[in-house]
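The values are calculated or read from the model by the stated rules, or taken from the named source; none is laboratory data. Because the structure is a prediction, the values reported are computed rather than measured. Cβ placement follows ideal geometry from the backbone for every residue including glycine, while neighbour counts extend to all protein chains displayed. Calculation scope for accessible area: heavy atoms of the full protein, side chains included, ligands and nucleic acids excluded. Shrake-Rupley method; radii C 1.70, N 1.55, O 1.52, S 1.80 Å.
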Amino acid sequence: MDMNSKNALVINTGSSSVKFAIMNPENGEVFLSGIAEALNLPEASISWKFEGEEKQKASIPNSNHEHAISYLVKEVLNTKQELLNSIVACGHRVVHGGEFYSEPTLITDEVKANIEKCIPFAPLHNPSHLLGFQAAFASFPNIPQVAVFDTAFHQTMPPIAYRFAIPEEYYKEGGIRRYGAHGTSHMYLTSEAARLLGKDVNEVNLITCHLGGGASISAIKNGKCIDTSMGLTPLDGLVMGTRSGEIDASVIFFLCERMGKSVQEVETILNKKSGLLALSGISSDMRPICEGWLNGDENCTLALEMFSYRLAKFIGSYIVAVGKVDAIVFSGGIGENCYEARLLTAKYLEEGLGVKIDEAVNKDALAYKGFTGGPISTEDSRYKLLVVPTNEELVIARSAFKFVK
């Protein structure tokens, strides 16, 4: 490690986990990465990997978020004092900042209070973030602690994109509108695609597709988000691992009134029992679904084709929003590694929109094989297709670093 390097700690807290990384915000070099999981349970554990070393794991029974981060500092980093001392800022991923925040923000009591107000929009995530803040302040009281919001990048959407066609009182009094998610990823994809295209980020026009267990698509005009597929919560939009994506609201009424489901049961069905899992009948993971598709499994074929068809429809509609599109960008675990989904999506777009994919290049453009980003379309394709591995941690690290004096 460079003796003079100054690094950022990146923390991503879930309801029962803490993901962490220590990295150089300037060049993206990662010195440590890991996760504490199954927190507050007897089987709680923490695993980590230092740069150039083997992965390690330890049991931390019944540890909470604060205990996990304390273990990271006192046990994992105790033999790496140089690395520990190099941390000059801490960046926290925060899922929902409502209309309060459009950029990264130094964490204060007011910021915590506003994040708490947004808990109804992200009930599983925002409470965990507050626990993460508390744990990080306890272990790192003297460095800037910065919140980086998934919703912030989407705050540039105009009302025609973020408002719902419901009475205005529900927007003004209840904050019911489209907020979006994955904004940190979409922001990174915008800047990285602009670099690959040789364009100024403030002049680039894109359709960015973050495709993983959660999936969203954004329309980018002159480097700013003007529309996105996730709505009040991450349930809206594309077909996802266990989420239904866009659905007729009347389905909820039918499930409650005609099938005797409670509102809580319907919420569980649409968030945790739908999507690829429901369609394929075997998994929310795209990898076994693609295997089933290749082997002619009917349910897996439906799952993969519906995922790709819905994505293609959104891309087509976002061409309307953006106008002149410089590139369509694929990213996320599926977007970076599932060539089958990219192929089918491109095929749905070929006849009507002139999209042409280079099938050989597409098949080799896999992040897990070391692909670092580039085009997968043919020279005569009307729209350029790019695969860009996302790096949300780097965005968070750089955002936190801006607050270092």
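Please go through region 1-55 and pick out each residue that is open to solvent by less than 30 Å² (accessible area, probe 1.4 Å), part of a strand (DSSP E or B) and closer than 13 Å to Ala68 by Cα.
Scanning region 1-55 gives Ile11, Thr13, Val18, Phe20, Gly34, Ala36, Ser45, Ile46, Ser47, Trp48.
Return the residues of region 299-343 that are more than 18 Å from Ile282 (Cα to Cα) and among the β-branched types (Val, Ile, Thr); say none if nothing qualifies.
Residues satisfying the conditions are Ile315, Ile319, Val320, Val322, Val325, Ile328, Val329.
Restricting attention to region 363-405, and to residues there that are of a type in the set (Phe, Trp, Tyr) and outside any loop (DSSP other than H, G, I, E, B), which single residue is nearest to Val325 (Cα to Cα)?
If we take residues in region 363-405 being of a type in the set (Phe, Trp, Tyr) and outside any loop (DSSP other than H, G, I, E, B), then Tyr368 is nearest to Val325 (Cα to Cα).
Just checking, which of Ser63, Ser59, Ser15 is out of contact with any Leu (no Cβ under 9 Å at 6 or more places or on another chain) and closer than 27 Å to Pro127 by Cα?
Step by step, each of Ser63, Ser59, Ser15 is checked, and only Ser59 is out of contact with any Leu (no Cβ under 9 Å at 6 or more places or on another chain) and closer than 27 Å to Pro127 by Cα.
For region 211-242, name all the residues that are open to solvent by 20 Å² or more (accessible area, probe 1.4 Å), closer than 30 Å to Leu302 by Cβ and either in contact with a Pro (Cβ under 8 Å, 6 or more places away or on another chain) or not charged (D, E, K, R) (or both).
Within region 211-242, Gly213, Leu232, Thr233, Pro234, Leu235, Thr242 meet the criteria.
Any residue that is of a type in the set (Val, Ile, Thr) and in contact (Cβ under 8 Å) with a residue 24 or more places away in the chain - is there at least one of those in region 243-262?
The answer is no; no qualifying residue exists.
Any residue in region 20-37 that's in contact (Cβ under 8 Å) with a residue 12 or more places away in the chain: show its pairings with residues that are crowded, with 18+ Cβ neighbours inside 10 Å and acidic (Asp, Glu) at Cβ separation under 7 Å, as long as the two are six or more apart or on different chains.
Ala21/Glu393; Met23/Glu393
Which one of these does Val111 not meet: (1) assigned to a strand (DSSP E or B); (2) under 30 Å from Ala219 (Cα atoms); (3) open to solvent by less than 10 Å² (accessible area, probe 1.4 Å)?
With (1) assigned to a strand (DSSP E or B); (2) under 30 Å from Ala219 (Cα atoms); (3) open to solvent by less than 10 Å² (accessible area, probe 1.4 Å) applied to Val111, the lone miss is (1).
Output the qualifying pairs, or none if there are none: Cβ atoms under 8 angstrom, residues six or more apart or on different chains, first residue in region 55-82 and within 13 Å of Leu32 (Cα to Cα), second residue at pLDDT below 95 and surrounded by fewer than 13 Cβ atoms within 10 Å (Cβ to Cβ).
Short answer, once both residue conditions are applied: Glu82/Met3.
For region 318-334, does any single residue satisfy the condition of being more than 30 Å from Glu26 (Cβ to Cβ) and either without any contact (Cβ under 8 Å) to a residue 60 or more places away in the chain or among the aromatic types (Phe, Trp, Tyr) (or both)?
Yes - at least one qualifying residue is present in region 318-334.
Looking only at helices (runs of 4 or more DSSP H) that lie completely in region 137-203, which have at least 1 residues being in contact (Cβ under 8 Å) with a residue 12 or more places away in the chain and surrounded by fewer than 24 Cβ atoms within 10 Å (Cβ to Cβ)?
159-162, 183-197
For every residue, the table says whether it meets (1) hydrophobic (A, V, I, L, M, F, W, C); (2) within 26 Å of Ile376 (Cα to Cα); (3) assigned to a strand (DSSP E or B); (4) touching a strand residue (DSSP E or B) at 6+ places or on another chain (Cβ under 7 Å).
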| position | (1), (2), (3), (4) |
| --- | --- |
| Gly241 | no, yes, no, no |
| Phe254 | yes, no, no, no |
| Glu265 | no, no, no, no |
| Asn271 | no, no, no, no |
| Ala278 | yes, no, no, no |
| Ser308 | no, yes, no, no |
| Phe330 | yes, yes, yes, yes |
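Of all residues in region 91-108, which are open to solvent by less than 20 Å² (accessible area, probe 1.4 Å), hydrophobic (A, V, I, L, M, F, W, C) and within 25 Å of Lys405 (Cα to Cα)?
Val94, Ile107
Would you mind finding the one in Glu340, Glu336, Glu350 that is open to solvent by 30 Å² or more (accessible area, probe 1.4 Å) and either modelled with pLDDT of 95 or more or outside any loop (DSSP other than H, G, I, E, B) (or both)?
Just one listed residue meets the conditions, Glu350.
List the residue pairs whose Cβ atoms are under 6 Å apart, where the first residue sits in region 362-373 and is closer than 13 Å to Leu386 by Cα, the second is of a type in the set (Lys, Arg) and surrounded by 14 or more Cβ atoms within 10 Å (Cβ to Cβ), and the two are 6 or more positions apart or on different chains.
Asn362/Arg342
Taking the condition of being hydrophobic (A, V, I, L, M, F, W, C) and in contact with a Leu (Cβ under 9 Å, 6 or more places away or on another chain), how many residues in region 218-254 meet it?
Count: 10.
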